[in-house]
């Protein structure tokens, strides 16, 4: 028995993904130390096998976790009895986009079902009959190390029939109980054998979690110093280069069903507009109004309605048999902002200022896009909800949508901290 070679990235171009703003990160090799075992127990053959995968998962009970830039490292242990004639052993690595979210993913090498799209498809042979004179008999142990490519080359669905290909970064695993879209990755060991009448195969299959490494650019030096010293972060006046001023919006409505009022709202978000899950989005909000009574009524922290929204879209997927899956357009709120009054020196009779933040759950999936699929985030402003004020616009209609990005790795330097008094 000869040991298989260690494979590099060449020859495994499968599919790429659109650029992420300011992607500045790197991961070298696999740092995994958790071993997972997946046995083959099928009655149709006497071949026995164990697929072993070493990953970055926190425990053996978790799914294997592969970070961007890492490799699928492990081994395949196989026992071949005399009665079986094996003709080939190979490892398959797949990434698939599923619409519907409830289908079983991979089934013994069958072609993709009508509602899925395979964007990553690697095939790595461990043993072929042509390599050696005889067949396999007895016990074998093949180690493997398969780099998972950061990018894949795919046809751009927006190329309008011109079949233009572009590189996409691999998206994260996305599997939600009632999700309309799923992104799934698998590794499987396929053993091909001959019977008296035909050729068959058996597989050991396992899903794994893929995590892109998205590291935002660091904030300004002034904000880093504040984080390090655990002092309040400087606002737009003291750190003008550290804030993005969203387009101002006008909140129109009626106070106490009598007086029509207009309030100018200006939201500022900390730069860069790229944040890490498990961290925070610093916010600064000002209200301007010539009616002090209306301003006091509406400009209350509890009345401010600003949140982070996730938006998933997926265009129709056309398959070879003429089937066309329905498009997906799913929006959900991920987190709400909390606000508190800013320094008294920034308050005037016709102006109210607030500091705030949006805490990003650690479970957020990072911003991503590949072929038909996009996952985006927006900070949205809705009309305030307060007794005594009737908005001229429906309270569930956003006044503003500012796109932001969510990454997986904190910027270099001190980590952002929470300043919320709540």
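The values are calculated or read from the model by the stated rules, or taken from the named source; none is laboratory data. Fair warning: this is a prediction, and the values are worked out from it, not measured in the lab. Cβ placement follows ideal geometry from the backbone for every residue including glycine, while neighbour counts extend to all protein chains displayed.
With respect to the conditions (1) surrounded by fewer than 17 Cβ atoms within 10 Å (Cβ to Cβ); (2) within 25 Å of residue 214 (Cβ to Cβ), residue 376 lacks only one, and its number is (1).
Might you check whether a residue that is assigned to a strand (DSSP E or B) and modelled with pLDDT of 90 or more occurs anywhere in segment 210-224? For segment 210-224, residues assigned to a strand (DSSP E or B) and modelled with pLDDT of 90 or more: present. Scanning segment 27-71 for residues that are at pLDDT 90 or above, surrounded by fewer than 17 Cβ atoms within 10 Å (Cβ to Cβ) and in a loop (DSSP other than H, G, I, E, B) yields a count of 6.
Among the residues of segment 240-251, the one identified as surrounded by 14 or more Cβ atoms within 10 Å (Cβ to Cβ) and more than 31 Å from the chain's Cα centre (by Cα) is 251. Answer yes or no: is there a residue in segment 182-203 that is surrounded by fewer than 17 Cβ atoms within 10 Å (Cβ to Cβ) and part of a helix (DSSP H, G or I). Within segment 182-203, none of the residues are surrounded by fewer than 17 Cβ atoms within 10 Å (Cβ to Cβ) and part of a helix (DSSP H, G or I). Residues considered: 122, 126, 170. Of these, the only one that is crowded, with 20+ Cβ neighbours inside 10 Å, at pLDDT 90 or above and farther than 30 Å from residue 194 by Cα is 170. The residue list 142, 98, 106 contains one member that is assigned to a strand (DSSP E or B) and at pLDDT below 90, which is 98.
Conditions tested, residue by residue: (1) free of Cβ contacts under 8 Å to residues at least 40 places away in the same chain; (2) within 19 Å of residue 339 (Cβ to Cβ).
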{"site": "224", "(1), (2)": "no, no"}
{"site": "231", "(1), (2)": "yes, no"}
{"site": "241", "(1), (2)": "yes, no"}
{"site": "249", "(1), (2)": "no, yes"}
{"site": "252", "(1), (2)": "no, no"}
{"site": "270", "(1), (2)": "no, yes"}
{"site": "276", "(1), (2)": "no, no"}
{"site": "285", "(1), (2)": "no, yes"}
{"site": "292", "(1), (2)": "no, no"}
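Of the residues 135, 179, the single one that is over 28 Å from residue 74 (Cα atoms), in a loop (DSSP other than H, G, I, E, B) and in contact with a strand residue (DSSP E or B) (Cβ under 9 Å, 6 or more places away or on another chain) is 179. The residues listed here are 316, 225, 290, 302; of these, the one that is touching a strand residue (DSSP E or B) at 6+ places or on another chain (Cβ under 6 Å) and not assigned by TED's automatic domain parsing to the domain that holds residue 180 is 316.
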